[in-house]
1. Sticking with the crude label model, points 7 Å out along Cα→Cβ, report the distance from MET67 to SER106 in nm, one decimal please.
2. For the range 72-146, what % of the accessible area comes from carbon and sulfur atoms, probe 1.4 Å?
3. For the range 76-146, rounded, prolate or oblate, judged on the Cα gyration tensor with a ≥ b ≥ c (square roots of eigenvalues), a/c < 1.5 rounded, else prolate if a/b > b/c?
4. Tell me, what is the FRET efficiency for THR84 and THR27 to the nearest 0.05, using R0 = 30 angstrom and their Cβ-Cβ distance as r?
5. Accessible area per residue of the range 21-146 at 1.4 Å probe, in Å²?
Amino acid sequence: MMTHQPTPIDTSSALASATTIDGFLTTAQLHILQHSIGADKYGRRGRYSDRNHFVTGEGSGDHPACMKLVAGGLMTRTPGNAITGGDDLFRVTKAGYAYVRLHSPSPPPEPKLTRSQKRYREWLDADPGYSFAEWIGVPRSGRRYG
């Protein structure tokens, strides 16, 4: 019985026709930098994100793009090993981080929040280690759960 193997997507032709941002990088290359550091399309990193790696090997569509980023000083390359399955490991340099900050599009304006929504976001940012109900001072007897 034959199992279906997904066909790898070759983005190398897409990279050639992709829009360049500043005459140097394509939007696909910017996306690789953003993904490598755990950032969204606006360059915003997660609250606890310390990610800085991208693994790809020769023959994939992303490898030539990563090699161009290495040549531009925005990434470094470590040859593949057993941990990476033989594929190369790429890391974003300080210049790469700066490039993401400068060239990622601006995020849309924040939505208007109610007082309750603002208070909930403050609790998320505070990460106090206890429930939201405890944080806003709801007595245990007034809660619907434990």
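1. It is 3.9 nm.
2. Carbon and sulfur atoms account for 55 percent of the accessible area of the range 72-146.
3. Because a/c hits 1.5 or more and a/b fails to exceed b/c, the range 76-146 counts as oblate.
4. 0.70
5. Normalised by residue count, the accessible surface of the range 21-146 is 66 Å².
The values are calculated or read from the model by the stated rules, or taken from the named source; none is laboratory data. Nothing here was measured: the structure is a model prediction, and the numbers come from that model. A quick note on method: Cβ atoms are made from the backbone with ideal geometry, for glycine too, and the neighbour counts reach across all protein chains shown. These accessible areas exclude ligands, DNA and RNA; they are computed on the full protein's heavy atoms, side chains included. Shrake-Rupley method; radii C 1.70, N 1.55, O 1.52, S 1.80 Å.
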